[in-house]
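Comments concern the structure below.
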Amino acid sequence: MPLDFKISTQSETGGRRAQLVLPHQTVETPVFMPVGTAGTVKAVPQNILEDLGAQIILGNTYHLYLRPGHEPIRRMGGLHRFISWPRAMLTDSGGFQVFSLSELRKVTDEGVRFRSHLDGSSHFFTPEHSMDVQIALGADIAMAFDECTEYPADRTRAEESLRLTMAWARRSLDHHTAHRHEVPWDEEQGCRTQCLFGIVQGGMYPDLRKESAERLVEMNFDGYAIGGLSVGEPRDLTLEMISEVLPLLPKDKPRYVMGVGYPDEIEQYARMGVDMMDCVLPTRAARHGLLFTSEGRLNIKGKRYAEDQGPPDPACDCMVCRRYSRAYLRHLMHSGEALSATLNSIHNLAYYLGIMKRVRATCGGADAR
Ligand SMILES: [Zn+2]
């Protein structure tokens, strides 16, 4: 059964407002997805994510596979039930963390051998194994196993990396198609089951990106992601790659740009027609005292806020800005209080989710909310 993706309105710049019907939630797009690395969006409880209007969150396959393990999670009814999150979830393939966090990795056509960054134990990930793990976790959306091409990468390296990613995409799709019905919640949810997105790679080479997109579209995934961006390249190059790839992806399927970005970037990409984005930035920056506000970036550690009784962002009506002052947030940060990460993260997430809400409201059409 094809993924149910209904586009309601479209703007002149290519942005669109749509509904993505997933087993656990009908997601209004464009959507920002908070990153819940190890089964938690760091420092923010699930009920608050619901209050903030988060419709879908990410789980990281690599982290959950290593700890507590996908089999225990499957036995407990899947990731939704384990972390008590009733709305939609997406898991990444584990590839990105295998390449960025683990040690002593060895890549072959078959898969990747790596050592856990936690205890040094040896593991072997193949596309089939990544699918098995993601099916056991049971997110609404799984991602094909890919190799995230690093930046900078010369042409030969980018070509070789793409060859691997395309072969792995085929194997991911075949294995997922054969086993997708094995998700832990399949019977409860009736007809809808986990869907699988392909990932466009190709480094910063437009022709490789084009080849990647065309071959994935031929394979017919439920949706398409653009990966390998925000890996250290200049911002105009990120934009160029997105502009090159977007027109090559089917208009009637969701388009997801992975791992971006700053507030103005996510707004820009959404207005170009990107439907889904995720990024650790709002929560990671929050833990370092960086708040995104309508007046720009605010470093709450600054001495000038020591007796500032104004809200973090005067234009924000989140639960933090309604209740607490800059002076208090600064004090919590300086004292190393656990509440600091929580309150800063709540505001930043509210800010990011608010941007997408605004974009949805202005995507054209009288019925837009
Ligand atoms: Zn706020």
For the stretch 113-155, using Cα atoms only, the Rg and Dmax in Å read 13.4, 37
Sorted on mean Cβ neighbours within 10 Å (highest first), peptides 30-40, 228-238 come out as 30-40, 228-238
What the 5 Å binned alpha carbon P(r) of the stretch 239-365 shows, as percent of pairs per bin from 0, is 2, 11, 20, 20, 15, 11, 9, 7, 4, 2, 0
Glu240 neighbourhood, Cβ < 14 Å, K/R = +1, D/E = -1, net charge -2
Glu110 and Glu182 label points (each 7 Å along its Cα→Cβ direction) are spaced in nm at 1.9
Subtracting the Cα-Cα distance of Lys210 and Glu307 from 0.36 nm times their residue separation yields 29.5 nm
Looks like the stretch 75-151, by Cα gyration tensor root eigenvalues a ≥ b ≥ c and the a/c under 1.5 rounded cutoff (else prolate when a/b is bigger than b/c, oblate otherwise), is prolate
For the table Lys6/Lys357; Lys301/Lys357; Lys210/Lys251; Lys106/Lys210, the rows whose alpha-carbon distance is greater than 21 Å are Lys301/Lys357; Lys106/Lys210
Computed over the chain, the relative contact order (Cα-Cα under 8 Å, seq sep at least six) in percent reads 18
By the mean-Cβ-within-10 Å protection proxy, highest first, 120-129, 55-64 rank as 55-64, 120-129
Full extension between Glu12 and Met219 adds, at 0.36 nm per residue less the Cα distance, a length in nm of 71.6 nm
For Arg284 and Glu103, extending 7 Å from Cα along the Cα-Cβ vector and measuring point to point gives, in nm, a value of 2.2
Whole-number value, in Å³ per residue, for the convex hull of the alpha carbons of the stretch 76-207 is 126
With 0.36 nm assigned to each residue of separation and the Cα-Cα distance removed, Leu118 to Glu337 gains 76.2 nm
Everything considered on the Cα gyration tensor (a ≥ b ≥ c; rounded for a/c under 1.5, else prolate if a/b is larger than b/c, else oblate), the stretch 1-130 must be described as prolate
Burial-style ranking of 150-157, 285-292, 133-140, 41-48, average other-beta-carbon count within 10 Å with highest first, yields 133-140, 285-292, 41-48, 150-157
One can check that the equivalent ellipsoid of the chain, built from the alpha-carbon gyration tensor with semi-axes equal to the square roots of five times its eigenvalues, has lengths in Å, largest first, of 32, 24, 22
Mean projected area (nm²) from the convex hull of Cα positions in the stretch 146-257 is 7.4
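Quick note: the coordinates plus some simple rules give every number you see, no bench work behind them. Quick caveat: nothing in here was measured; it's all calculated off a predicted structure. FYI the Cβ positions are ideal-geometry reconstructions off the backbone, even for glycines, and counts take in every protein chain you see.
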